[in-house]
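Inspection log for the structure reproduced underneath, given as structure tokens.
Read-outs: derived from the displayed coordinates by stated rules, not from any lab. The model shown is predicted, which means the values in this text are computed figures rather than measured ones. Here Cβ is always computed from backbone atoms with ideal geometry, including for glycine, and neighbour counts include all displayed protein chains.
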Ligand code: GRF
């Protein structure tokens, strides 16, 4: 399974997926694309001898124009799976539909709670006692695709958004490589908008 990872920043999830693929002969990270030229994840890719590209947004460009350039860059890698790992851009419906059932995202909340940004602070502000991360198939509606796997963490009274984010991140690094592995083993699919593992709805 040829895995292409899209990033914008640190790339700690990218690193976890690269490490996971080292133990999984069925999956290989064939490329990393960033919309930010200074994303640290690009350094991680180079350290692991993985090819990289940058697709930087031009001023005045429409979302469709950007996505067309991104699609071009992605297709060079002929991926079987596109993994969004901290890619901080909203993708057009046409783009998402092109990779239906073949694109994953990780979101730092227990979806359907807290789509969008600042999830850790929002969980603290709501006095939630648990929080977490979700891996889901990407569908046109932001952070609303079918959930494949979640990991929960406790929220402590003295947590800040940073301490909570760190706890969630550790879990992200466990669940994302596992989902990529399932996909590479052809155990995972999206059928009629439902995530299925080994033929069972999740
Ligand atoms: C993670 O918290 C992920 O849930 C969110 O963006 C962050 C990316 O972190 N989508 P990293 O770049 O993988 O370290």
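So here's what we get for this one:
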{"item": "Rg followed by Dmax, in Å, when region 62-105 is reduced to its Cα trace", "result": "9.9, 27"}
{"item": "DSSP bridge pairs, the chain: antiparallel proportion in percent, nearest 5", "result": "50"}
{"item": "Region 46-150: C-alpha pair distances exceeding 24 Å, %", "result": "33"}
{"item": "Theoretical FRET efficiency, 1/(1+(r/R0)^6), r = Cβ-Cβ of residue 38 and residue 62, R0 41 Å, to 0.05", "result": "0.95"}
{"item": "Length gained when the stretch residue 88-residue 76 is fully extended (0.36 nm per residue, less Cα-Cα span)", "result": "2.2 nm"}
{"item": "Pairwise FRET efficiency - residue 174 versus residue 201, Cβ, R0 = 22 Å, nearest 0.05", "result": "0.45"}
{"item": "Calculated FRET value between residue 22 and residue 126, using beta carbons and R₀ = 35 Å, to 0.05", "result": "0.35"}
{"item": "Normalised contact order of region 1-91, rounded percent, pairs of Cα under 8 Å and 6 or more residues apart", "result": "43"}
{"item": "Cα-derived Rg over Rh, computed across region 91-136 with Rh taken as Kirkwood radius", "result": "1.10"}
{"item": "Cα centroid of region 1-62 to Cα centroid of region 129-202, whole Å", "result": "19"}
{"item": "Coordinate range along principal axes, alpha carbons of region 2-201, Å, largest first", "result": "47, 43, 34"}
{"item": "Nearest 10 degrees, 0 to 90: helix 161-184 Cα axis against the chain principal axis", "result": "50"}
{"item": "Percentage relative contact order, the chain, counting C-alpha pairs under 8 Å, at least six apart", "result": "20"}
